[in-house]
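Below: one structure, written as structure tokens.
Read the figures in this text as sums done on the coordinates, not as results from a lab. Bear in mind the structure is a predicted one, so any value in this text is a computation, not a measurement. Neighbour counts run over all protein chains shown; Cβ positions are idealised from the backbone, glycine included.
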Amino acid sequence: MFNKFRLGKKQEHSSTLRDKIEELKKQPIPEHVAIIMDGNGRWAKKRALPRIAGHHEGMKVVRKTTMLANKLGIKALTLYAFSTENWKRPKNEVEYIMRLPEEFLGTFLPELVENNVQVKMIGYKNQLPVHTLHAIEKAIEETKDNNGLVLNFALNYGSRAEIIDAVKQVLNDSKNGILNENDLNEDVFSSYLMTSEFNDPDLLIRTSGEIRLSNFMLWQLAYSEFWFTDVLWPDFSEDHLLEAIEIFQKRQRRFGGVL
Ligand code: IPE
Ligand code: IPE
Ligand code: MG
């Protein structure tokens, strides 16, 4: 209490944050956290700004969230950045979003490398503009030897399309004698999905008050814990992530069994 008065506001905040991180680390931290980063447009609208201002602000929150996830010892952070349905948006908005990976990685990549973060991506690469793909692939390449947090961008990702594609590959492998029908099980099917190298998310967070999945990881989220908040993505703070983890740690995961 005494220290609170002695320390400047900033210092006080960071030591509180550090204490909270240490406290949470005493209990299991979710290994894979997935976030539907929603509410950028509404954040901008509230301020009479164009929607793209919200996306720009949201990008800063990606950086803060990544750094905290890394500090917490989260193994994988999947961020839903653009869905296969988001192409329906106005052309200028889509173009702006497709510039963000370059802007984000242009300034942030050295920090990711330094902090041992590995960048990955799930989603349909072939429809992305060349400059967007180039920025992502550069980041993937430059961080491939890192073994800390995996920062996985879901970009032009859609879960139903992913499942259909997996089914097509299964049929093809079956036809070609690579896969026997009797060997197909849930684990094998998972290996046909874009997320084959990831464990299923332990925790799903969605911001902005929408209570839906919007075609995100329908298969992978079968037994994940969900945490929804009304906070708009650009307002999502370190404390919100810590709150989500704290709530996650209080949940009882039963996976259909009894404890
Ligand atoms: C999420 O924010 C970012 C993307 C979908 C790219 P939105 O742009 O969906 O923001 P709202 O939902 O319109 O407020
Ligand atoms: C989901 O948000 C996609 C991303 C956050 C990238 P949307 O804003 O596109 O979802 P809906 O349209 O409200 O369902
Ligand atoms: Mg939205």
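Here is how the numbers come out for the structure above:
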{"quantity": "Value of Rg to Rh for the chain (Rh from inverse mean 1/r over Cα pairs, i.e. Kirkwood)", "calculated": "0.99"}
{"quantity": "Volume in Å³ per residue [convex hull over Cα atoms, computed for segment 74-206]", "calculated": "135"}
{"quantity": "Normalised convex hull volume, segment 80-127, alpha-carbon set, Å³ per residue", "calculated": "84"}
{"quantity": "Where N is the number of residues in segment 115-179, Cα Rg divided by 2.2 N^0.38 Å", "calculated": "1.40"}
{"quantity": "Cα-derived Rg to Rh of segment 191-251, Kirkwood definition", "calculated": "1.00"}
{"quantity": "For L128, L203, L218, order by how many other beta-carbon atoms lie within 10 Å, fewest first", "calculated": "L218, L128, L203"}
{"quantity": "Amide H contacts under 5 Å for V119, placed H, 5+ residues apart", "calculated": "T143, L151"}
{"quantity": "Given K64/K250; K88/K144; K64/K144; K46/K138; K45/K75, the pairs whose alpha carbons are separated by over 31 Å", "calculated": "K88/K144; K46/K138; K45/K75"}
{"quantity": "Added length on full extension, which subtracts the Cα-Cα distance from 0.36 nm per residue, K45 to E186", "calculated": "46.4 nm"}
{"quantity": "Cα-based convex hull, segment 107-153, per residue volume (Å³, whole number)", "calculated": "65"}
{"quantity": "The chain: relative contact order in percent, alpha carbon pairs under 8 Å with at least 6 residues between", "calculated": "27"}
{"quantity": "Qualifying GluC sites (Glu not before Pro) for segment 149-237 [loop in DSSP, other Cβ within 10 Å: at most 16]", "calculated": "E197, E210"}
{"quantity": "Length released on extending from K250 to N199, taking residue separation times 0.36 nm less the Cα-Cα span", "calculated": "16.3 nm"}
{"quantity": "For segment 1-134, radius of gyration divided by Kirkwood radius, i.e. Rg to Rh on alpha-carbons", "calculated": "1.03"}
{"quantity": "DSSP-assigned coil residues among trypsin sites (Lys or Arg not before Pro) in segment 163-259, each with at most 14 further Cβ atoms within 10 Å", "calculated": "R212, R251, R253, R254"}
{"quantity": "Mean ellipticity per residue at 222 nm, deg cm²/dmol - from DSSP H runs of n ≥ 4 across the chain, formula -39500 (n - 2.57)", "calculated": "-15000 deg cm²/dmol"}
{"quantity": "Footprinting exposure proxy for M67, M217 (fewest neighbouring C-beta atoms within 10 Å first)", "calculated": "M67, M217"}
{"quantity": "Per-residue Cβ neighbour rank within 10 angstrom, fewest leading, L193, L184, L149, L171", "calculated": "L171, L184, L193, L149"}
